[in-house]
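One structure is given below, encoded as structure tokens.
Just so you know, all these numbers are worked out from the coordinates, no wet-lab data involved. This is a predicted model, so every value here is computed, not measured. FYI the Cβ positions are ideal-geometry reconstructions off the backbone, even for glycines, and counts take in every protein chain you see.
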Amino acid sequence: MGELKTKLKEYRAKYDMKQGELAEKVGVRRETIIRLEKGQYNPSLKLAMDIAKLFGTTVEEIFSFDDD
Amino acid sequence: MNKAKVMNYRMKHVLIILLALWAIGMLIVARFQKVSPGQAVFEFLTLGAVHIADKFEKKDELVLENLRKATSAAFVVFVIAVLAVPIFCRIAGIETLIAQRWVDIPYIYCAFGAVILRSAVFLILDRTPKNCVEDE
């Protein structure tokens with residue numbers, strides 16, 4: 001499996017949302033959001049979908065795998 | 001919900017480590033002073049209270065994953081400490097002072113040790129990366 005790439009930070013900036021706010025909205029801790037943004041944690045499908053739904057986009061748009 | 005009262009989940013495990021160390025200390029003192037280890041029983045209850053206290057953040061999926069890894073690691077070390085080492089010492093007939101003392105270690109110390117190890121491994125796995133940019 002390739003490396004996890006996320007556009008979470010860009011979407012957060014676009015929606016002017018802090019890590020803590022995003023964490024609270026999707027029901028996780030801020031540490032989890034930090035790990036996600038750094039690509040150090042593979043989220044569950046539910047969490048990925050919750051985040052995508054919050055930003056009004058698709059899971060594939062925010063999360064992808066670098067298969068190089 | 002009062003946000004000011006919610007503490008970081010990592011603090012819970014720091015507290016557990018401190019309480020378990022305190023409990024081991026009390027057990028050692030009780031052993032050498034030949035007094036009742038009632039204080040240590042109190043510590044058990046305190047540890048239980050920490051677990052049910054609703055003052056900490058809720059567990060999320062990353063916490064659950066890290067706790068699973070930490071529990072596995074602590075369990076393996078606990079089994080090695082409590083079963084494998086004493087069995088090996090007896091089979092091998094190691095009669096050195098160290099081996100004899102190891103075999104004589106009460107399981108309660110190993111249990112508290114496992115609690116400490118589990119929380120310590122969790123804290124290591126759950127630490128925030130140093131080079132991450134935090135916006136708060």
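In table form, for the structure just shown:
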{"quantity": "Which listed pairs, of A:Lys14/A:Lys38; A:Lys7/B:Lys12; A:Lys9/B:Lys55; A:Lys46/B:Lys69, have C-alpha distances above 26 Å, in listed order", "calculated": "A:Lys7/B:Lys12; A:Lys9/B:Lys55"}
{"quantity": "Sorted by Cβ neighbour density within 10 Å, fewest at the top, the residues B:Leu67, A:Leu4", "calculated": "A:Leu4, B:Leu67"}
{"quantity": "Zero-based 5 Å bins, Cα pair distances in region A:3-62, whole percents", "calculated": "4, 20, 35, 32, 8, 0"}
{"quantity": "Additional length obtainable on full extension of the chain from B:Val14 to B:Lys55, 0.36 nm per residue less Cα span", "calculated": "13.4 nm"}
{"quantity": "Shielding by partners - mean other protein chain Cβ count within 10 Å, residues of A:56-66", "calculated": "0"}
{"quantity": "Pairwise FRET efficiency - B:Leu123 versus B:Ile91, Cβ, R0 = 35 Å, nearest 0.05", "calculated": "0.45"}
{"quantity": "Amide hydrogen neighbours beyond the local backbone of B:Phe56, cut-off 5 Å, H modeled", "calculated": "B:Met7"}
{"quantity": "Net +/- balance of residues flanking B:Phe122 in space, Cβ distance below 15 Å, scoring K and R +1, D and E -1", "calculated": "+3"}
{"quantity": "Part-to-part distance (alpha-carbon centres) for region B:51-93 and region B:106-131, which is given in Å", "calculated": "8"}
